[in-house]
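Structure record follows, encoded as structure tokens.
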Amino acid sequence: MGNAEAAILPEKSFKRTSTKIQVQPSPPGETGHNILFVTSELTDLVKVGGLGDVSAALPRALGQHHSVRVLIPGYRQVIQSGLPIRVVGKLPGHGAIPPCLIGQITLSDQLIVYVVLCQQLYDREGNPYGDSEGIDWPDNHIRFARLALAAANIADGLGVHNWRPDLVHANDWPTGLTPAYMAWRGQQVPCVFTIHNLAYQGLCSTESRVELGLPEEALHTDGMEYYGKLSFLKAGINYATQITTVSHTYAHEITSPAFGCGLEGLLRRKADEGLLCGYVNGIDTSWQPRSDPRLVQGFAPGQWQGKQANRHYVEQTFGFARQDAPLFAVVSRLVHQKGIDLTIEAADSIVAGGGRIAIIGQGERALERRVEELSQRYPGRVGVNLQFDETEARRIIAASDFLLMPSRYEPCGLSQIYAQCYGSLPIARRTGGLADTIEDGVSGFLFREPTTDSYLQAIRRALNVHRHPVLLNAMRCKAMAAPLYWHQSVKPYDRLYRRLIERTYDSFARGPVPGRRARACTT
């Protein structure tokens, strides 16, 4: 790691953390509990997508109710963050999974982050999942099994001195082995597993069983076998105490063949047992149009001078003429899932209707080329920035009249919530979290089919609203009142945690209750 090692401060001894600590869960009541939040991304240190934002915001919101600590891999970006890392423990290897150290970072707001320190797995150029060319690391199954095993170890009283979670919350396929390792070891600590995007499975060969130190049952369909491979995501679903996903509609959609990615039968069974539910994500409080320091000028509902100032900035940045013409924004990863091809196909009609399109994002090279070609075809009407920048993205959203979001599927989505907050009306497909967070004709526009024709019908409705300023401003005000912040969205998680911990405490205090069934999810 070179000079980055200077940021890692060793402890004097590891003996105290290498022995299992026998601790019963805290009794239920109004007091908070210890929660370990396990994730592969944390926006403070390393981010690829929305998971990083959720992982940064949700633990902080939960911190009002519980003692929450985050566990992430020690990627190069984390080690080189400039933040001191204090080594607090070490953990043994398992199969081909190497041993590791556990470091601790305390962020400026006192959020504690545990870091899995294993140079041979994480000290690499690229993003958390692949190299600089976007190719997945061939040993990702080992890299993320190390993260999951560390979480199971910490839940078992290893690796961290004087702190043990009452509940573990694992997120998406990189953490899918967390509840599995916990179950195979007979651990009592409950584990919540959240599906942020079912399409990413975390697949590896069944021959990896020995490397990962898996029991025979892992190879069965009731374990993590998935069409002749092993699926980390399926492991999380099968072994977690409770499965959640990030919107009510998506929780229903993934029980159908159209969205279930081959797991719809398992997910339908979990839903029938009350073990699958959806909680809509919130946004963090930095998204405040009045006070956001990244904006050219802040603004409030009905006071549009600040919105106009941001519009002038975007017009200048993209070479648009300054005029009262509708401005459409695309703030997105440029990938097939996001329906970028549909926006490209609809662009002729948008421009013909007097609209301009400002695009910021990066993704699949073929789609990047197509949006660049679009900007060359319509200079002064379509602008493209393929270097994503948070400040520029916020200014584009604040400047725009409409946000284009024709996703083929969208587990939750955050961009539409950001847009509403800043008085930009989302035009989105009626799917997943988009259906849950946009009221059609009130705070945005929805369309049903992932086709250009269906999309264009919603765009034409939006263009018609733009011709009537009183209606446009009324919808803007409705949209700005709609978003949920995390302090509101966190409430169902708090209730779920307390219910699961109470059930675990009951089993310790009285032993298992014969015939006791899980209660259905509550929101």
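The values are calculated or read from the model by the stated rules, or taken from the named source; none is laboratory data. A quick note: this is a predicted structure, and the numbers were derived from the prediction, not measured. When we count neighbours, we look across all protein chains shown, and the Cβ atoms used for this are built from the backbone with ideal geometry, even at glycine. Just so you know, the surface numbers come from the protein's heavy atoms only, side chains and all, with ligands and any DNA or RNA stripped out. Shrake-Rupley method; radii C 1.70, N 1.55, O 1.52, S 1.80 Å.
Here are the numbers for the structure shown:
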{"quantity": "Criterion: of a type in the set (S, T, N, Q) and in a strand (DSSP E or B) - qualifying residue of Thr221, Thr317, Thr244", "calculated": "Thr244"}
{"quantity": "Qualifying residue in the stretch 300-307 (condition: in a loop (DSSP other than H, G, I, E, B), surrounded by fewer than 22 Cβ atoms within 10 Å (Cβ to Cβ) and at positive phi)", "calculated": "yes"}
{"quantity": "Pick from the stretch 30-79, criterion touching a residue at least 40 places away in the same chain (Cβ under 8 Å), outside any strand (DSSP E or B) and among the charged types (D, E, K, R), ranking: farthest from Thr285 (Cα to Cα)", "calculated": "Arg76"}
{"quantity": "Residue in the stretch 357-369 that is part of a helix (DSSP H, G or I) and closer than 22 Å to Ala321 by Cβ present", "calculated": "no"}
{"quantity": "Cross-chain or 6+ apart pairs with Cβ under 6 Å, the stretch 366-380 first and closer than 20 Å to Gly353 by Cβ, then of a type in the set (Val, Ile, Thr) and open to solvent by less than 50 Å² (accessible area, probe 1.4 Å)", "calculated": "Val371/Ile359; Val371/Val384; Leu374/Ile344; Leu374/Val382; Ser375/Val382; Ser375/Val384; Tyr378/Val351"}
{"quantity": "Count of residues meeting criterion [touching a strand residue (DSSP E or B) at 6+ places or on another chain (Cβ under 9 Å) and open to solvent by less than 30 Å² (accessible area, probe 1.4 Å)] in the stretch 481-498", "calculated": "7"}
{"quantity": "Near pairs, Cβ below 6 angstrom, 6+ apart or cross-chain, from the stretch 347-359 (under 23 Å from Arg395 (Cα atoms)) to any residue that is open to solvent by 20 Å² or more (accessible area, probe 1.4 Å) and not in a loop (DSSP other than H, G, I, E, B)", "calculated": "Ala358/Phe318; Ile359/Val384"}
{"quantity": "Condition met for Val48 (surrounded by fewer than 17 Cβ atoms within 10 Å (Cβ to Cβ) and hydrophobic (A, V, I, L, M, F, W, C))", "calculated": "yes"}
{"quantity": "Residue identified as open to solvent by 10 Å² or more (accessible area, probe 1.4 Å) and modelled with pLDDT of 95 or more among Thr452, Thr431, Thr504", "calculated": "Thr452"}
{"quantity": "Number of the exception - Gly103 against (1) open to solvent by 10 Å² or more (accessible area, probe 1.4 Å); (2) in contact with a strand residue (DSSP E or B) (Cβ under 7 Å, 6 or more places away or on another chain)", "calculated": "(1)"}
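Per-residue answers, yes or no, for (1) more than 11 Å from Phe232 (Cα to Cα); (2) without any contact (Cβ under 8 Å) to a residue 40 or more places away in the chain; (3) open to solvent by less than 10 Å² (accessible area, probe 1.4 Å); (4) assigned to a helix (DSSP H, G or I):
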{"residue": "Ala151", "(1), (2), (3), (4)": "yes, no, yes, yes"}
{"residue": "Leu158", "(1), (2), (3), (4)": "yes, no, no, no"}
{"residue": "His161", "(1), (2), (3), (4)": "yes, no, no, no"}
{"residue": "Ala170", "(1), (2), (3), (4)": "yes, no, yes, no"}
{"residue": "Gln188", "(1), (2), (3), (4)": "yes, no, no, no"}
{"residue": "Arg209", "(1), (2), (3), (4)": "yes, yes, no, yes"}
